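The values are calculated or read from the model by the stated rules, or taken from the named source; none is laboratory data. Please read these numbers as outputs of a predicted model, since none were measured by experiment. Cβ coordinates were reconstructed from backbone atoms using ideal geometry, including for glycine residues, and neighbour counts include every protein chain displayed. Protein only, heavy atoms only, side chains kept; ligands, DNA and RNA dropped before computing areas. Shrake-Rupley method; radii C 1.70, N 1.55, O 1.52, S 1.80 Å.
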There are 2 protein chains.
Amino acid sequence: MTERDKIKHCRACGTAVNYIVPPDDARPRAVCPACGTVHYENPLNVVGTVPYWQDQVLLCKRNIEPRFGFWTLPAGFMELGETTAQGAARETDEEAGAHIQMGPLFSLMNVMRVGQVHMYYLAPLTDTVFNPGPESIEARLFREDEIPWDEIAFRTVRETLKHYFEDRRKGAFGFHTLDL
Amino acid sequence: MTERDKIKHCRACGTAVNYIVPPDDARPRAVCPACGTVHYENPLNVVGTVPYWQDQVLLCKRNIEPRFGFWTLPAGFMELGETTAQGAARETDEEAGAHIQMGPLFSLMNVMRVGQVHMYYLAPLTDTVFNPGPESIEARLFREDEIPWDEIAFRTVRETLKHYFEDRRKGAFGFHTLDL
Ligand SMILES: [Zn+2]
Ligand SMILES: [Zn+2]
């Protein structure tokens, strides 16, 4: 989840681009003076799950930057060729090696500063065998009173966990949106 | 909403890229043999509204391809520097010149074939003065029995309209997800 570098060269022909506002547009884009290609840059989706087992939630300890050593829900960038739920399932497999059923979309959060939209799905675990991949140091279950709130990697994860345990107490899971 | 062209040159240095699977990755990416930049391509978000007034919904007749002359809800690509709801409001202003209050997220639909996620917000109109922009031939209100179902531009729009009128009859608006 690194910051994106500015576009300097045309993706079609390699010529150095200019930042100008194209006709019929409202904002500057990287435009190629040789072939005319206009390069758009748009927000990215980060998709993940809230894997749960009885009164516990599965978190992964990050083995990568940013936030090395902090705890997170399994999540990552949505790829072409998959739906939001398929991406969330793939990340859960890659980061935790956990076995889940895919439930409904639970949270959608805009992180405007970094140009990202984060979405988390509820995902009941079908067993408690985990097999964390190279991006995770460890994957384990936490009851609410065990959650390391000061060592949660991202605010979107903290907000999603808070809503999860609140809704669980209420006995009814909703859909939560938030702008950060 | 055109198809994206394949990346041929490095955005950082202009060198012709190779498509290879980078180390610790699972799929081919455009990788620069000169500077090592890895180019990721990800799904895009299309954000819009269901602007409504009493028992009517606002549709725009498209003045652009694709689907020139067909009817659509106001929607377009989410930009950097805005939230999903802000993007939906901007598109509603640009395409219809309509005055709305922003309501809750109503539908989220994966259109995997084109690498897009479409989201529509409920948006009560505050008046019935419209001022369609250059992308629209016309903007007008339709009651359910007036909707030109065979001239709706996109399936995501048709599905969102169907859910809108169903929920309206029930007297309760939900949140709807769908994979197309
Ligand atoms: Zn060019
Ligand atoms: Zn390069």
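Under the definition of Cα pairs under 8 Å and six or more residues apart, what whole-number percent is the relative contact order of the stretch B:99-152? 31 percent.
Which is the longest part of chain A that has none of the GluC sites (Glu not before Pro) sitting in a DSSP loop with at most 15 other Cβ atoms within 10 Å? Longest gap between qualifying sites, sites excluded: A:42-180. Given +1 at the Cβ of Lys and Arg, -1 at the Cβ of Asp and Glu and no other charges, the dipole of the protein assembly as shown around its Cα centre is 480 debye to the nearest 20.
Just to be sure I understand: of the beta bridges DSSP finds with both ends in the stretch A:44-179, what percent are antiparallel, rounded to 5? Around 60 percent of the beta bridges assigned by DSSP in the stretch A:44-179 are antiparallel ones. The interface between chain B and chain A buries about 3200 Å² of solvent-accessible area in total (1.4 Å probe, ligands and nucleic acids excluded).
Shape summary: the stretch A:15-79 maps onto an equivalent ellipsoid whose semi-axes, from the alpha-carbon gyration tensor, are 42, 14, 9 Å in decreasing order. If you take the square roots of the eigenvalues of the alpha-carbon gyration tensor of the stretch A:72-112 and sort them as a ≥ b ≥ c, do you get rounded (a/c under 1.5), prolate (a/b over b/c) or oblate? Rounded. Out of B:158, B:113, B:140, any idea which swings most in a Gaussian network model of chain B, alpha carbons joined below 10 Å? Residue with maximal mean-square fluctuation among B:158, B:113, B:140: B:113. For chain B, set up a GNM with springs between Cα atoms under 10 Å and report which of B:170, B:162, B:61 has the largest fluctuation. Result: B:170 has the largest fluctuation of those listed.
Values of log10 I(q)/I(0) for the stretch A:1-41 across q = 0.24, 0.30 Å⁻¹ run -0.76, -1.03, by the Debye formula with one identical scatterer at each alpha carbon and no solvent. Here is the list for the stretch A:1-85: chymotrypsin sites (Phe, Trp or Tyr not before Pro) lying in DSSP coil, each with at most 12 other C-beta atoms within 10 angstrom of its C-beta, are A:68. To put it simply, the accessible area of chain A at a 1.4 Å probe is 49 percent carbon and sulfur. Taken over the Cα atoms of the protein assembly as shown, the convex hull encloses 140 Å³ per residue. When the Cα atoms of the stretch B:118-180 are aligned to their principal axes, the ranges along those axes come out at 31, 27, 23 Å in descending order.
Computed log10 I(q)/I(0) for chain B at 0.08, 0.13, 0.14, 0.15 Å⁻¹: -0.32, -0.69, -0.77, -0.84, from the Debye equation with unit scatterers placed on every C-alpha and solvent omitted.
Here residue B:6 is the anchor, and the lysines within straight C-alpha reach of less than 28 Å, apart from those fewer than 8 places off in the same chain, are A:6, A:8. Computed with a 1.4 Å probe over protein heavy atoms only, the accessible surface of the protein assembly as shown comes to 47 Å² per residue.
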